[in-house]
Amino acid sequence: MKTQDITEVKALLSAPKKIVIVPHRNPDGDAIGSTLGLMHYLKHYNHDVTVVAPNDYPHFLKWIPGESTIVKFDTQRKTSEELIKNADILFTLDFNALHRTGHDMGDFLKHSDALKIMIDHHQAPDDYAKYMYSDVTMSSTCEMVYNFIEMLGDANKISADIATCIYVGIMTDTGSFRFSSTTNRTHQVIASLIEKGANNTEIYNQVYDTNSINRLQLLGRALQNLKVVPEYNTAYITLSQAELDEFNFKKGDTEAVVDYALSVKNTILAAIFIENTQEGIIKISLRSKGDFSVNELSRNYFNGGGHTNAAGGRSESSLDDTVEKFITILPQYKSLLT
Ligand code: 5GP
Ligand code: MN
């Protein structure tokens with residue numbers, strides 16, 4: 001963020017305002033951690049702050065400090081619309097285009113008169129915000145919230161609650177500090193968060209060690225469905241709606257399952273295709289190693305996007321047809337995959 005922008009934002013936040021903070025649809029650890037971390041920070045200045053999420057999020061995030069105050073646009077439509085309508089300032093966190101909050105909410109946000117501030121690390125951000133802190137080299141939006149607070153000269157205001165929220169998103173978006181987006185600076189931020197009261201062991205347990213037997217058995221099925229296309233160093237997993245039903249699928253149960261496909265020796269490109277009959281779509285998660293851009297692949301073929309090594313998308317064809325399409329496009333990427 002430019003120094004001039006920081007000065008202006010600081011002035012803007014110097015008197016109490018009505019503020020709404022929005023994460024993307026199907027919020028993950030980084031989306032929930034960053035919005036709640038920012039919420040706690042802004043409350044120091046007596047702003048009236050609410051996080052309005054497009055929809056629900058997994059149970060393993062339902063302990064983060066302040067989580068119970070989150071308003072959900074899909075099930076609490078009236079309250080959400082009132083909050084957005086009355087907001088002076090709208091922060092949008094961890095996404096790059098308003099439609100990432102869903103069709104209805106995206107439309108509603110587009111027509112809001114509130115001053116918009118974006119904090120995000122995705123590629124190719126849309127130009128809707130008055131102030132944009134967009135940096136694709138960042139590990140996570142949470143790391144950016146830390147930087148944002150620091151740029152405002154308030155690192156000393158980071159409480160144990162703020163530190164806990166921010167720690168969650170850095171941990172989940174970096175695959176527990178192992179992805180290439182993890183820098184020495186990321187570790188310095190993490191060190192400072194622990195110093196300020198984030199309990200690293202406890203946070204890890206809350207997020208990763210709360211599996212149900214159903215979730216683990218669904219993982220077992222996913223691993224049985226794993227297929228490898230050795231000539232293109234590609235591996236993929238499918239899960240049909242029937243399989244999800246068999247193991248009483250709950251939101252979040254398939255999180256990170258695609259990482260097992262990427263862990264197959266020599267794999268450069270990995271995918272998981274998950275059928276959702278209610279929405280009539282196949283949800284696709286893509287992961288890669290090195291320079292291969294799944295963001296580009298997803299933008300070109302699966303109506304999605306994301307980062308170079310982690311992206312998502314969707315298809316309205318059947319599960320079989322979607323997988324077939326995926327396999328048919330691999331030859332075009334031969335030089336990058338072999
Ligand atoms: P995941 O595969 O975990 O759902 O998402 C991986 C990354 O891609 C995340 O950074 C997420 O924000 C982004 N992403 C997931 N789905 C979509 C999508 O439909 N459109 C876009 N533009 N990005 C997505
Ligand atoms: Mn993120």
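The values are calculated or read from the model by the stated rules, or taken from the named source; none is laboratory data. Remember, predicted model here, so these are calculated numbers, not experimental data. Every residue, glycine as well, gets a Cβ built from its backbone with ideal geometry; the counts of neighbours run over all protein chains shown.
A few notes on this one:
- Answer from PHE91, PHE73 - the residue that is in the same structural domain as THR174 (by TED's automatic domain parsing) and within 16 Å of ligand 2 (Cβ to nearest atom): PHE91
- Search result, residues across region 109-125 that are within 21 Å of the chain's Cα centre (by Cα) and away from ligand 2 (no atom under 16 Å from the Cβ): LEU109, LYS110, LYS116, ILE117
- Counting only helices (runs of 4 or more DSSP H) that sit completely within region 140-203, those holding 2 or more residues that are over 24 Å from MET1 (Cα atoms) and not β-branched (Val, Ile, Thr) correspond to 160-173.
- Residue satisfying all of: in region 113-161; hydrophobic (A, V, I, L, M, F, W, C) and within 15 Å of ligand 1 (Cβ to nearest atom); farthest from LYS196 (Cα to Cα) among these: ALA124
- Positions within region 148-175 being more than 14 Å from ligand 2 (Cβ to nearest atom) and over 19 Å from LYS62 (Cα atoms), in sequence order: PHE148, ILE149, GLU150, MET151, LEU152, GLY153, ASP154, ALA155, ASN156, LYS157, ILE158, SER159
- Of all residues in region 260-278, exactly one satisfies the criterion of being of a type in the set (D, E, K, R) and over 18 Å from VAL323 (Cα atoms), namely LYS265.
- If you check HIS44, HIS59 for being within 17 Å of the chain's Cα centre (by Cα), surrounded by fewer than 18 Cβ atoms within 10 Å (Cβ to Cβ) and not assigned by TED's automatic domain parsing to the domain that holds ASN303, only one passes: HIS59.
- Inclusion of HIS99 among residues that are touching a Gly at 6+ places or on another chain (Cβ under 8 Å) and either within 21 Å of LYS43 (Cβ to Cβ) or modelled with pLDDT of 95 or more (or both) is warranted.
- When GLY197, GLY175 are checked against the criterion of being at pLDDT 95 or above, among the small types (Gly, Ala, Ser), within 16 Å of ligand 1 (Cβ to nearest atom) and at positive phi, a single residue qualifies: GLY175.
- The single condition among (1) within 16 Å of ligand 1 (Cβ to nearest atom); (2) buried (at least 21 other Cβ atoms within 10 Å of the Cβ) that LEU218 does not meet is (1).
- Note on region 1-38: residues that are among the hydrophobic types (A, V, I, L, M, F, W, C) and surrounded by fewer than 24 Cβ atoms within 10 Å (Cβ to Cβ) amount to 7.
- Condition met for VAL323 (away from ligand 1 (no atom under 16 Å from the Cβ), in a loop (DSSP other than H, G, I, E, B) and outside the structural domain of MET138 (by TED's automatic domain parsing)): no
- For region 281-293, the tally of residues that are β-branched (Val, Ile, Thr) and near ligand 1 (Cβ under 8 Å from one of its atoms) stands at 1.
- Here ALA310 does not fit the description of being of a type outside the set (Phe, Trp, Tyr), within 27 Å of ARG215 (Cβ to Cβ) and away from ligand 1 (no atom under 11 Å from the Cβ).
- Filter pass, ILE281 being at pLDDT 95 or above, out of contact with any helix residue (DSSP H, G or I) (no Cβ under 8 Å at 6 or more places or on another chain) and not assigned by TED's automatic domain parsing to the domain that holds PHE95: yes
- Hey, THR164 among the polar types (S, T, N, Q), crowded, with 17+ Cβ neighbours inside 10 Å, in contact (Cβ under 8 Å) with a residue 60 or more places away in the chain and within 16 Å of ligand 1 (Cβ to nearest atom) or not: no
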